[in-house]
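> The structure's right below; bear with me while I get my questions together.
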Amino acid sequence: MPLDTFFYDEEYLLNSYLQAYYEHMNYEAWLQGSYHYIAQSIVLANAFSSKHQERLNYPHYQSYFERQASPQKSTEDQEQDARDWLCSCY
């Protein structure tokens, strides 16, 4: 939150920033808990499985940074797609 907003704007903006921050922290905690649950269950399943069973591997999820790095359409391509779609409506 910018300092000007903190000192000179309305109080409800501070409350909105705090609520968004707490929601983000709650999501991060949930994500870490999910990661630990999956990791520990796979380790325990492999530790207590018989020698003849196939070992479990940790699932590969596409991380946030890998998703952001994926190529996206430029704004010109998106605008052209929108024009093509609108022309097809007539």
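The values are calculated or read from the model by the stated rules, or taken from the named source; none is laboratory data. A quick note: this is a predicted structure, and the numbers were derived from the prediction, not measured. As a convention, Cβ positions derive from the backbone with ideal geometry for all residues, glycine included, and neighbour counts pool all protein chains shown.
> I'm trying to understand the selection: among the residues of region 18-53, which are aliphatic (A, V, I, L, M) and not in a helix (DSSP H, G or I)?
none
> Just one of the numbered conditions (1) at pLDDT 85 or above; (2) outside any helix (DSSP H, G or I); (3) not polar (S, T, N, Q) is not true of M1; which one?
So the condition that M1 fails would be (1).
> Pick from region 10-35 the residues that are farther than 30 Å from H60 by Cα and of a type outside the set (S, T, Y): which of them is surrounded by the fewest Cβ atoms within 10 Å (Cβ to Cβ)?
My answer is E11.
> Can you confirm whether Y64 is under 30 Å from T5 (Cβ atoms), modelled with pLDDT under 80 and of a type outside the set (G, A, S)?
Criteria met by Y64.
> Can you tell me which residues in region 36-60 are touching a helix residue (DSSP H, G or I) at 6+ places or on another chain (Cβ under 6 Å), aliphatic (A, V, I, L, M) and surrounded by fewer than 10 Cβ atoms within 10 Å (Cβ to Cβ)?
none
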